[in-house]
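Enquirer: Sharing a structure, written as structure tokens. Questions coming.
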Amino acid sequence: MNMTLFPDVVINDETIPSAAIAAEAQNHMAPRDKPGIAWRKAAQALTIRALLLQEANRRALRPDPVELAPGRFETEDEALIRALLDEALRITPVTEEAVHAEWAKDPDRFRSAPLWDVSHILCACDPRDEEERLAAENKAIAMLARLDGGAKAFAAAARESDCGSKAAGGHLGQLGPGDTVPEFEAALRTLPEEGVTPAPVLSRHGWHIIRLNAIAPGQVLPFDTVRPKIAQALEKAAWARASRNFVETLAQGAKITGASLAPI
């Protein structure tokens with residue numbers, strides 16, 4: 001990344017050097033051919049952090065790091081930002097009426113997890129090895145071309161799978177959300193019952209051909225069951241709005257060059 005194209009960021013006379021922004025940019029997703037997006041996201045994140053820390057210091061707050069997990073504590077900066085937000089944000093408690101209104105918008109949204117009866121064929125490879133990945137993909141494409149969508153043909157082809165499920169015709173049994181790697185589940189969610197993925201799906205394990213044999217949709221849950229989750233979601237949304245408004249207020253009173261808090 002050419003540093004000359006990306007300047008330092010200055011917030012109220014505090015300089016964030018371009019090297020620090022470049023290091024932070026590694027934590028932000030962006031298209032490979034558009035490194036400027038990652039840079040802007042990083043500059044924005046560090047600008048918000050600086051604004052919050054400056055305000056915490058202005059209020060003479062003192063850090064009191066808490067234990068986040070056994071043996072892992074907040075940094076002093078994290079503790080200062082938490083103390084600031086605890087002091088500055090005033091969140092209106094979520095009412096029972098608001099929770100019920102959110103549920104009533106579409107009760108069908110709140111269901112128990114579905115169950116999928118799934119079979120697959122795996123052409124294993126290390127996705128990081130380009131030659132191995134391409135060879136496994138070609139093998140998967142050739143196997144997919146032989147399938148007619150039927151369960152019998154799929155089970156027969158699965159004898160060539162690189163997964164132990166080949167002994168059962170590729171059958172993985174009943175799966176629920178979170179039971180497979182994200183790429184597999186994302187593809188599975190797009191399939192109709194008895195459908196097969198139109199192209200092989202790549203995961204950390206290799207290329208998958210996936211068949212959704214059957215699905216048992218989740219049942220609509222009663223209000224009393226989902227009430228705590230709805231209340232929690234509304235509280236989080238309110239906190240996010242309040243914190244965003246607080247940061248915008250700080251930014252309006254600050255002198256910022258080299259970064260923008262506009263949505264990216």
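The values are calculated or read from the model by the stated rules, or taken from the named source; none is laboratory data. What you are looking at is a predicted structure, and each value in this text was computed from that prediction instead of being measured. Methodologically, a virtual Cβ is constructed for each residue, glycine included, from the backbone with ideal geometry; neighbour enumeration extends over all protein chains shown.
Enquirer: If you go through segment 171-198, how many residues are in contact with a helix residue (DSSP H, G or I) (Cβ under 8 Å, 6 or more places away or on another chain) and either in a strand (DSSP E or B) or surrounded by 13 or more Cβ atoms within 10 Å (Cβ to Cβ) (or both)?
Expert: Of the residues in that region, 9 qualify.
Enquirer: Would you please list the contacts, defined by Cβ atoms under 6 Å and residues six or more apart or on different chains, that run from a residue in segment 243-264 that is more than 20 Å from E87 (Cα to Cα) to a residue that is β-branched (V, I, T) and not in a strand (DSSP E or B)?
Expert: What qualifies is A259/T47.
Enquirer: Right, next: Could you pull out the residue among A19, A56, A45 that is within 15 Å of A259 (Cα to Cα) and at pLDDT 95 or above?
Expert: Going through A19, A56, A45 in turn, the sole match is A45.
Residue-wise test of (1) touching a Leu at 6+ places or on another chain (Cβ under 8 Å); (2) assigned by TED's automatic domain parsing to the domain that holds A124; (3) not in a loop (DSSP other than H, G, I, E, B).
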{"position": "L212", "(1), (2), (3)": "yes, yes, yes"}
{"position": "L234", "(1), (2), (3)": "no, no, yes"}
{"position": "A238", "(1), (2), (3)": "no, no, yes"}
{"position": "R241", "(1), (2), (3)": "no, no, yes"}
{"position": "R244", "(1), (2), (3)": "no, no, yes"}
{"position": "E248", "(1), (2), (3)": "yes, no, yes"}
{"position": "A251", "(1), (2), (3)": "yes, no, yes"}
{"position": "P263", "(1), (2), (3)": "no, no, no"}
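Enquirer: Tell me whether segment 58-73 contains one or more residues that are touching a Phe, Trp or Tyr at 6+ places or on another chain (Cβ under 9 Å) and either closer than 24 Å to N245 by Cα or of a type in the set (K, R) (or both).
Expert: No: segment 58-73 contains no residue that is touching a Phe, Trp or Tyr at 6+ places or on another chain (Cβ under 9 Å) and either closer than 24 Å to N245 by Cα or of a type in the set (K, R) (or both).
Yes or no, residue by residue, for (1) part of a helix (DSSP H, G or I); (2) surrounded by fewer than 13 Cβ atoms within 10 Å (Cβ to Cβ); (3) in the same structural domain as A19 (by TED's automatic domain parsing); (4) within 24 Å of the chain's Cα centre (by Cα):
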| residue | (1), (2), (3), (4) |
| --- | --- |
| L52 | yes, no, yes, no |
| L84 | yes, no, yes, no |
| V99 | yes, no, no, no |
| A104 | yes, yes, no, no |
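Enquirer: Further question: Can G195 be described as of a type outside the set (F, W, Y), over 15 Å from C123 (Cα atoms) and modelled with pLDDT under 95?
Expert: No: the conditions fail for G195.
Enquirer: Regarding A42, is this residue crowded, with 16+ Cβ neighbours inside 10 Å and in the same structural domain as Q252 (by TED's automatic domain parsing)?
Expert: Considered against the rule, which asks whether it is crowded, with 16+ Cβ neighbours inside 10 Å and in the same structural domain as Q252 (by TED's automatic domain parsing), A42 comes out as yes.
Enquirer: One residue is enough: does segment 154-163 have a residue meeting the conditions surrounded by fewer than 18 Cβ atoms within 10 Å (Cβ to Cβ) and touching an Asp or Glu at 6+ places or on another chain (Cβ under 9 Å)?
Expert: no
Enquirer: Determine whether segment 77-98 contains at least one residue that is without any contact (Cβ under 8 Å) to a residue 12 or more places away in the chain, polar (S, T, N, Q) and out of contact with any Pro (no Cβ under 7 Å at 6 or more places or on another chain).
Expert: yes
Enquirer: Against the conditions (1) exposed (fewer than 14 other Cβ atoms within 10 Å of the Cβ); (2) charged (D, E, K, R); (3) touching a Lys or Arg at 6+ places or on another chain (Cβ under 8 Å), where does R58 fall short? Just the number, please.
Expert: Going through the list (1) exposed (fewer than 14 other Cβ atoms within 10 Å of the Cβ); (2) charged (D, E, K, R); (3) touching a Lys or Arg at 6+ places or on another chain (Cβ under 8 Å), R58 breaks only (3).
Enquirer: Please verify whether A22 is out of contact with any strand residue (DSSP E or B) (no Cβ under 8 Å at 6 or more places or on another chain), of a type in the set (A, V, I, L, M), without any contact (Cβ under 8 Å) to a residue 24 or more places away in the chain and outside the structural domain of S243 (by TED's automatic domain parsing), treating the condition exactly as stated.
Expert: No: the conditions fail for A22.
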